[in-house]
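Right, one structure below, let's go through it.
The values are calculated or read from the model by the stated rules, or taken from the named source; none is laboratory data. This one's a predicted model, so the numbers in the text were calculated from it and none came from an experiment. Positions of Cβ are generated from backbone atoms using ideal geometry, with glycine treated the same way; all protein chains shown enter the neighbour counts. Please note that ligands, DNA and RNA were not included when accessible areas were found on the heavy atoms of the full protein model with its side chains. Shrake-Rupley method; radii C 1.70, N 1.55, O 1.52, S 1.80 Å.
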Amino acid sequence: MELAEKLSILASSAKYDASCASSGSESPGGKNSGASFGVRVPAGVCHSWTEDGRCVTLLKVLFSNACRFDCAYCVNRASADSRRTSFTVDELVDITCEFYRRNYIEGLFLSSGIFADPDIVMEKLIATARKLRQEAGFGGYIHLKLIPGTGEKMIRKAGLWADRLSANIELPTDKSLQNLAPQKSGKIILGAMEETFNAGAENEEDRRKFRLAGKNNVPVFAPAGQSTQLIVGASEENDKTILNLTGALYRKYMLRRVYYSAYIPVGLPGGAGIPDPRLPPGMEQCGTPSSLLLREHRLYQADWLLRFYRFAPDEVLEGEDLFLDMALDPKTAWALRHLDFFPVEVNRAGYDELLRIPGIGAKAGRRIIEARRSRSLGFDNLRRMGVVLKRARHFITAAGSFLDRPEDPKRIRRLLSDKDSLQPLLFEF
Ligand code: SF4
């Protein structure tokens with residue numbers, strides 16, 4: 001098989017992994033558009049974020065799409081009727097370097113189907129990263145997927161060549177894993193996360209000791225940390241279960257990111273192949289791509305609240321609530337459930353209180369704290385600081401003045417509902 005054809009198959013096979021934010025998009029300037037300027041990358045390119053928050057463009061491919069496992073939601077599952085192929089280490093190193101030199105990419109995101117014993121597959125991914133670094137002198141970003149079942153030794157080797165490692169949690173409970181991905185187990189996946197966390201902590205301690213001894217040449221273990229992917233909508237778990245799990249992963253293993261991937265029902269436009277009978281009955285009917293993408297979007301917003309706004313999972317979804325409100329972002333939904341907390345006077349509130357106000361983000365919150373040291377702030381000042389007054393106006397006073405009083409939750413809900421404006425965008429996504 002020609003290398004270009006392999007690349008096309010293995011990039012396409014990787015596109016359902018959401019551990020990067022976007023992938024494989026066509027643009028109006030693409031093939032057959034008549035454009036004469038602007039080079040298109042011929043295969044899967046996605047974006048990710050480095051340790052210091054920079055957005056990088058990555059070549060996102062599988063080493064092989066042959067797989068012994070039979071995960072119902074996956075286009076590469078053993079029982080799927082698809083063309084199988086694999087790279088060699090040398091082919092992948094050459095392609096990555098070539099794309100890098102042409103400025104198509106700044107790094108590599110590499111995963112694989114499990115075509116052999118997990119350690120053998122992991123060894124191929126590590127060999128690719130090692131060769132890129134050691135022999136090709138590649139200084140770009142490398143994200144390696146941890147193959148389920150790979151051992152501690154391999155995880156420790158992988159972290160020495162990769163910037164980021166990720167073990168996909170895939171589904172929120174063991175019950176769903178047993179149903180849809182019977183060869184995987186939560187214990188093994190969480191074990192890989194724990195091992196990655198331990199290896200990172202030990203490496204940090206070693207580097208600290210060596211620094212004290214005047215040595216700064218100890219390699220850093222996975223400097224961009226670890227992440228995971230969770231598929232939403234392929235199993236029956238509610239958002240509360242998902243957010244509780246997410247909160248625990250952030251706390252316990254210090255994950256940098258949990259990526260949510262709306263399950264694209266296979267067999268529908270945008271999906272691939274024939275539906276697997278192990279998927280819950282009716283999934284194709286109840287989970288249209290747009291509603292699943294909206295759910296994914298709300299989970300990302302809730303995740304943001306956990307990571308940057310000091311919310312606990314049981315504040316985002318309280319009491320008997322099991323699913324996020326599809327019409328409101330989760331912070332506004334919380335505010336409407338807690339109108340007794342408002343209005344907040346922006347000239348007196350603490351940083352944590354400011355973070356609870358819809359329309360005030362972490363950056364605007366810090367600016368408010370800084371600016372009000374020298375003057376009392378009015379609404380014009382807030383607008384200039386990046387406060388979204390369309391949202392915040394219902395929940396704040398500035399120097400004792402209201403723009404809008406928080407008295408009618410139904411009216412505020414109507415004004416701040418964004419479901420209708422998001423739906424078409426999500427459907428086109
Ligand atoms: S292990 Fe499961 S998710 Fe991964 S490639 Fe194989 S079938 Fe797909």
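Structure data summary
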quantity: Pair Tyr351, Asp119: separation of 7 Å Cα→Cβ label points (nm); calculated: 4.7 nm
quantity: 1.4 Å probe accessible area per residue over region 106-197, in Å²; calculated: 37 Å²
quantity: Overall form of region 342-424 per C-alpha gyration tensor (a/c, 1.5; a/b vs b/c); calculated: prolate
quantity: Rh by Kirkwood over Cα pairs, then Stokes-Einstein D for region 289-429 at 1.306 mPa s and 10 °C, µm²/s; calculated: 101 µm²/s
quantity: Pairwise FRET efficiency - Ser8 versus Asp408, Cβ, R0 = 45 Å, nearest 0.05; calculated: 0.20
quantity: Apportionment of accessible area to carbon and sulfur, region 127-192, percent (1.4 Å); calculated: 52 percent
quantity: Alpha-carbon centroid distance for the pair region 337-406 / region 102-124, whole angstrom; calculated: 47 Å
quantity: Interchain or long-range residues, amide H under 5 Å from Phe109's placed H; calculated: Leu59, Lys60, Val61, His143
quantity: Inter-label distance, nm, simple model (7 Å from Cα along the C-beta direction), Lys175/Leu415; calculated: 4.3 nm
quantity: Amide N proximity, region 125-160 versus Lys187 label position 7 Å along Cα-to-Cβ, cut-off under 18 Å; calculated: 148-152
quantity: Label point distance in nm, Met254-Ser376, each placed 7 Å from Cα along Cα→Cβ; calculated: 4.5 nm
quantity: Rg to Rh, two decimals, where region 106-216 supplies the alpha carbon set and Rh follows Kirkwood; calculated: 1.03
quantity: Karplus-derived HN-Hα couplings along region 81-92 (A = 6.51, B = -1.76, C = 1.60, θ = phi - 60°), whole Hz, x at Gly and Pro; calculated: 8, 9, 6, 10, 7, 9, 7, 9, 4, 4, 4, 5
